[in-house]
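Enquirer: Sharing a structure with you now.
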Amino acid sequence: MAAISNATAEAEEISAAAAVRRQSKAARASTTSEPLRRSRKSAALPITLSMVVISVRGDEPMISTLLVSEPPFGAAFPRGTFDPSQHQSLDVAARAIAKGVADLALGYIEQLIARVVSEPTSAKAIEIGYLALLPPPSERKPRQAHPRNTTVSWQSAYVFLPWEDWRHGRPGIMDGLVMPRLQAWARSDEPSRPRTARNRSVNARQARIRFAFGTSRESWDETRVVERFDVLADAGIIVSSDTSDASPIDNDRTAAVPESGPEMRPEMRPDTRPDPRLGQDLQAGERRLLAVALSRLRAALKTRPVVFELLPDEFTLFELQRTVETLLGPVLHKQNFRRQIETTGLVEATGRLRTNTGGRPAKLFRFSKDVLVERPAAEPQRPRISPKRPK
C-alpha cells in the first residue's frame, strides 16, 4: 500500500509540474504575441500615391499640378489614397486617382520611390511616387476647376528646377548664383573645430559638388538631377518642404549619392537664404519627387523608347528631336540624331506630309512597334550632343 501511495504522490507531482509548465508556456506566448499584435496594428499605415505627370508642349516639359486654395496652400501633384477594397493594384489606383482628381487618363506609368511621410489626417503614411507620361493634347483648357478647392494647372518643370534647363546652353544662374554659393558652403565651417576635421569637411563637400555638377561643361551629367537637388538643399541654397523625418525607400539609381556625415552639416553656414531665382517650391517634399522623376526619365531616354509616349501618333523628325532636347537640355546634332534614329529602326514613314510647317512640307513618321519584337534587347543610345554655347 505504501508503494502505491508513493507512486500516486509522484504522479500528482508530475501532473502538477506539467500544469505549471503549460501555464508558463501560455503566459510566455501571451506576452510575446501582444507586442506582435501591437506591432502589426501600428504597421498598418495608409498608402498615398503621388503622381508626376509630364507632357511636352512645344519646347516646354510641362507637369500637372493642383493649386490648393486651402491649408496646406500651394502647388502639389495629383495624389490620393490607395483603397484595397476598390483598387486591384497600385497601378490601377494611380490611374483612378489621376482621373478623379485631375481628369487625366494616364498612359505610361512607372513607380519611382516610396517613403514614410507625415500626413495632415494621420501621424504617418507610406507615400509612393509615380512617373506618368502623356502625349500633347489636341486641345485642353489651361486650367480646370475640381472639387476640394483645387485647380488643375500645367507648369514647366524648369520653374521648379531652373538649374536643369540647358536648352539654350549653360544657365546663367549656374555661374552667377549656384556655384558661388556652393563654394561658399563648401568652405564654411566652425573655426573652433580642429583643422584636420575642417579640411575633411571641405574635401567631402567639394567631392559632392564635383559628383553632382561636374568640373566643367563637358562633364555635366543630365541624369544626376537628384544628386544636384540634395546638395543644394543640404547647403540651404534652395527651399525644400521635405521634412527630415521623411524616410525614403528608394530603389532608383540616385541612391548612389554620397552620404553626408556630421562634419558636412555644421551649425555655422554662410548666408544662403533662399533666392526666388532658384525656383518655386512644392508641398510636402514633392519638389524632390520631381527631381527623381526627371532623373528617371532622362536616364530612360537613353535606353528605352519612352520618348514616343510623349508624342502624338504621327510626328515629324523635328518634333521628335525637339522633344528629346526639351527633356535632356542640350541641343542635339541634327544629322547625328537622325542617323541614329534610322539605324535603330525606331520609326517608319507614314507616306504623308505635314504642310503647316511654315516652310517645306515635312514627312510624317510613327513609332515602329515591330522593333521591340524583332530586337527586344536593343537599347537605342542618345547621339553625342553638340552644345549650343550662349552668345
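The values are calculated or read from the model by the stated rules, or taken from the named source; none is laboratory data. What you are looking at is a predicted structure, and each value in this text was computed from that prediction instead of being measured. Neighbour counts are summed over all protein chains in view; Cβ atoms, including those assigned to glycine, are modelled from backbone coordinates with ideal geometry.
Enquirer: Can you tell me which residue within the stretch 154-181, out of those that are touching a residue at least 40 places away in the same chain (Cβ under 8 Å) and over 23 Å from residue 298 (Cα atoms), is surrounded by the most Cβ atoms within 10 Å (Cβ to Cβ)?
Expert: Selected residue: 181.
Condition check ((1) among the acidic types (Asp, Glu); (2) part of a loop (DSSP other than H, G, I, E, B); (3) at pLDDT below 90) across all residues:
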{"residue": "87", "(1), (2), (3)": "no, yes, yes"}
{"residue": "96", "(1), (2), (3)": "no, no, no"}
{"residue": "124", "(1), (2), (3)": "no, no, yes"}
{"residue": "144", "(1), (2), (3)": "no, no, yes"}
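Enquirer: Name, by its number, the condition in (1) out of contact with any Asp or Glu (no Cβ under 7 Å at 6 or more places or on another chain); (2) at pLDDT 90 or above; (3) among the hydrophobic types (A, V, I, L, M, F, W, C) that does not hold for residue 211.
Expert: Exception for residue 211: condition (1).
Enquirer: For the list (1) touching a helix residue (DSSP H, G or I) at 6+ places or on another chain (Cβ under 8 Å); (2) assigned to a helix (DSSP H, G or I); (3) touching a residue at least 40 places away in the same chain (Cβ under 8 Å), I need the number of the one condition that residue 184 fails.
Expert: Only one criterion in (1) touching a helix residue (DSSP H, G or I) at 6+ places or on another chain (Cβ under 8 Å); (2) assigned to a helix (DSSP H, G or I); (3) touching a residue at least 40 places away in the same chain (Cβ under 8 Å) is unmet by residue 184, namely (1).
Enquirer: Could you list, in sequence order, the residues of the stretch 195-229 that are surrounded by fewer than 21 Cβ atoms within 10 Å (Cβ to Cβ), part of a helix (DSSP H, G or I) and of a type in the set (D, E, K, R)?
Expert: Of everything in the stretch 195-229, those that are surrounded by fewer than 21 Cβ atoms within 10 Å (Cβ to Cβ), part of a helix (DSSP H, G or I) and of a type in the set (D, E, K, R) turn out to be 195, 198, 200, 210, 217, 218.
Enquirer: Within the stretch 34-46, can one find any residue that is within 18 Å of residue 291 (Cα to Cα) and modelled with pLDDT of 85 or more? Walk me through how you get there before you give the answer.
Expert: Quick first cut of the stretch 34-46, residues within 18 Å of residue 291 (Cα to Cα) only: none.
No.
Enquirer: Moving on to the next point. Say we look at the stretch 196-229 and pick out the residues that are in contact (Cβ under 8 Å) with a residue 40 or more places away in the chain and of a type in the set (Ser, Thr, Tyr); which of these is nearest to residue 288 (Cα to Cα)?
Expert: Taking the candidates together, the pick is 223.
Enquirer: Are any residues in the stretch 342-359 in contact with a Ser or Thr (Cβ under 8 Å, 6 or more places away or on another chain) and either exposed (fewer than 10 other Cβ atoms within 10 Å of the Cβ) or of a type in the set (S, T, N, Q) (or both), and if so, which ones? Don't jump to the end; show me each part of the working.
Expert: The first filter runs over the stretch 342-359 and keeps only residues in contact with a Ser or Thr (Cβ under 8 Å, 6 or more places away or on another chain), leaving 345-348, 354, 357.
The one that is in contact with a Ser or Thr (Cβ under 8 Å, 6 or more places away or on another chain) and either exposed (fewer than 10 other Cβ atoms within 10 Å of the Cβ) or of a type in the set (S, T, N, Q) (or both): 357.
Enquirer: Exactly one of (1) in a helix (DSSP H, G or I); (2) modelled with pLDDT of 90 or more is unmet by residue 49. Its number?
Expert: The one condition residue 49 does not meet is (1).
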